[in-house]
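K.L.:
The structure that follows is given in the form of structure tokens.
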Amino acid sequence: MRVLGIEGTAWCASAALYDAETDSVLIESDPYEPDSGGIHPREAAEHMAEAIPEVVDRVLTAAEAEYGPDAVDAVAFSRGPGLGPCLRIVGTAARSLAGTLGVPLVGANHMVAHLEIGRHRSGFDNPVCLNASGANAHLLGYHDGRYRVLGETMDAGVGNAIDKFTRHVGWSHPGGPKVEAAAAEFAAGAAGAGDGEGSAGGEAAASAADLLDLPYVVKGMDFSFSGISSAANDAADGGVPVEEICFSLQEHVFAMLTEVSERALSLTGADELVLGGGVAQNDRLREMLAAMCEARGADFHAPEPRFLRDNAGMIAVLGAKMAAAGDAIPVPESAVDPNFRPDQVPVTWREGESV
Ligand code: ATP
């Protein structure tokens, strides 16, 4: 089975072809990069309208060159969650493409796709999943035919919380990679000041004494980031060096995510953790989660970066699993849903999985 996936929930216009026989994924993406500030929904939608036809065309051309005119067996698209104006463009493109090619249409939940790509790439059987993305942050575990939300942010998504601080200090979007680089610079300086040896040891080498006192809010397996974003902004206004804030921001936010992940593993009895979402590209987050898993004898997997940030590869892979399970949708029922939660999705593909 070969599935063409289309993704465009917010910033990344992306198309992909997944070939289940060879387990290979071709991804073509075109990101929206705001000139200033964060993601503007209207500008993002204008970008989607221009970029989706182009990325789809690139993937289809490559697919037909390799497999001939019947290269695609199904078209899968992100139905949500995401920005309504972007989702509607992606939905329209997917419906018309499925009709033109005469193949089934599959509507995928974007957050379930972030999870499933980790399960697929790791080969794990029944992991807990931490989705650490821009607009979302939650823990998912499978129970009785659905991915249940074990814990989640009570306000902002983790990437959005970090980006809110970087916008405040005037850095361009996306802020996450810049915070990672600045935090590493601070840690290297702290390590060098401590032992006179420079940067060896990275962030782990800086100690608790180097941490600013920022809000750390965890309630069971839920958590909150709005207080820490505001406190980081206040610290910058008060003249604290921005690298120092970045270091403390990362350490606090990622410690919160690591704590709730450990609690989810403990409460479910699971011994596998997968990580998904754009913030999962951060080395320090992966390092903290890997150390926690190692300490409790659990396995940890984070897919390679092209499957972590928004991408159509994960939509095509989930689309193939759904199509193999007969989980296609008629066009009249294929409306997009900006608030589509992962626990609304009946998981049809795990029993007798063939993809
Ligand atoms: P969602 O998947 O919830 O719809 P999204 O559309 O914003 O989120 P993602 O690609 O999952 O997209 O994540 C983008 C976020 O990842 C941005 O907030 C960005 O700052 C953050 N990010 C990217 N790289 C890093 C990094 N190295 N460290 C921390 N955050 C990062």
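The values are calculated or read from the model by the stated rules, or taken from the named source; none is laboratory data. These figures come from a predicted structure and were not determined experimentally. As a convention, Cβ positions derive from the backbone with ideal geometry for all residues, glycine included, and neighbour counts pool all protein chains shown.
K.L.:
Of the conditions (1) of a type in the set (A, V, I, L, M, F, W, C); (2) over 23 Å from residue 12 (Cα atoms); (3) within 16 Å of the ligand (Cβ to nearest atom), residue 317 fails just one. Which one is it?
P.N.:
All conditions pass for residue 317, except number (2).
K.L.:
Also: Condition check: aliphatic (A, V, I, L, M), in contact with a Ser or Thr (Cβ under 9 Å, 6 or more places away or on another chain), surrounded by fewer than 22 Cβ atoms within 10 Å (Cβ to Cβ) and more than 25 Å from residue 326 (Cα to Cα). Does residue 20 satisfy that?
P.N.:
Values: aliphatic (A, V, I, L, M): yes; in contact with a Ser or Thr (Cβ under 9 Å, 6 or more places away or on another chain): yes; surrounded by fewer than 22 Cβ atoms within 10 Å (Cβ to Cβ): yes; more than 25 Å from residue 326 (Cα to Cα): no.
Taking the combined requirement at face value, the residue does not satisfy it.
K.L.:
Are there any pairs with C-beta distances below 7 angstrom linking a residue in the stretch 283-312 that is within 13 Å of residue 115 (Cα to Cα) to a residue that is away from the ligand (no atom under 16 Å from the Cβ) and small (Gly, Ala, Ser), with the two at least 6 apart or on different chains, and if so which?
P.N.:
From the stretch 283-312, the pairs are 301/122.
K.L.:
For the stretch 116-146, name all the residues that are part of a strand (DSSP E or B) and either under 19 Å from residue 312 (Cβ atoms) or touching an Asp or Glu at 6+ places or on another chain (Cβ under 6 Å) (or both).
P.N.:
Filtering the stretch 116-146 down to residues part of a strand (DSSP E or B) leaves 128-132, 137-143, 146.
Residues satisfying the conditions are 131, 138, 146.
K.L.:
I'm trying to understand the selection: among the residues of the stretch 11-39, which are small (Gly, Ala, Ser), over 17 Å from the mean Cα position of the chain (by Cα) and within 26 Å of residue 1 (Cβ to Cβ)?
P.N.:
Step one: filter the stretch 11-39 for residues small (Gly, Ala, Ser), giving 13-16, 20, 24, 29, 36-38.
Next, from what is left, pick out any that are over 17 Å from the mean Cα position of the chain (by Cα): 20, 24, 36-38.
Once the filter is applied, which keeps residues that are small (Gly, Ala, Ser), over 17 Å from the mean Cα position of the chain (by Cα) and within 26 Å of residue 1 (Cβ to Cβ), the stretch 11-39 yields 20, 24.
K.L.:
For the stretch 94-106, indicate whether the set of residues that are more than 23 Å from residue 326 (Cα to Cα), free of Cβ contacts under 8 Å to residues at least 12 places away in the same chain, in a helix (DSSP H, G or I) and out of contact with any Phe, Trp or Tyr (no Cβ under 9 Å at 6 or more places or on another chain) is non-empty.
P.N.:
Here is the first cut: in the stretch 94-106, the residues more than 23 Å from residue 326 (Cα to Cα) are none.
Taking every residue of the stretch 94-106 in turn, none turns out to be more than 23 Å from residue 326 (Cα to Cα), free of Cβ contacts under 8 Å to residues at least 12 places away in the same chain, in a helix (DSSP H, G or I) and out of contact with any Phe, Trp or Tyr (no Cβ under 9 Å at 6 or more places or on another chain).
K.L.:
Right, something else. State all residues of the stretch 94-107 that are within 12 Å of residue 4 (Cβ to Cβ) and out of contact with any Pro (no Cβ under 9 Å at 6 or more places or on another chain); if no residue qualifies, say none.
P.N.:
Those that are within 12 Å of residue 4 (Cβ to Cβ) and out of contact with any Pro (no Cβ under 9 Å at 6 or more places or on another chain): 94, 97, 100, 101, 103, 104, 106.
K.L.:
Something else: Select from the stretch 150-166 the residues that are surrounded by fewer than 20 Cβ atoms within 10 Å (Cβ to Cβ) and either within 12 Å of the ligand (Cβ to nearest atom) or modelled with pLDDT under 95 (or both) and list them in ascending order. First the steps, then the outcome.
P.N.:
So in the stretch 150-166, the residues surrounded by fewer than 20 Cβ atoms within 10 Å (Cβ to Cβ) come out as 152, 154-155, 164.
Within the stretch 150-166, 152, 164 qualify.
K.L.:
Now for a different question. Tell me, please, whether a residue that is of a type in the set (A, V, I, L, M, F, W, C), assigned to a loop (DSSP other than H, G, I, E, B) and either outside the structural domain of residue 147 (by TED's automatic domain parsing) or modelled with pLDDT under 95 (or both) can be found in the stretch 283-301.
P.N.:
In the first step, residues of the stretch 283-301 are kept if they are of a type in the set (A, V, I, L, M, F, W, C); the result is 285, 288-293, 295, 298, 300.
Of the ones still in play, those that are also assigned to a loop (DSSP other than H, G, I, E, B) are 298.
Right, trim to either outside the structural domain of residue 147 (by TED's automatic domain parsing) or modelled with pLDDT under 95 (or both) and you get none.
No, that holds for no residue.
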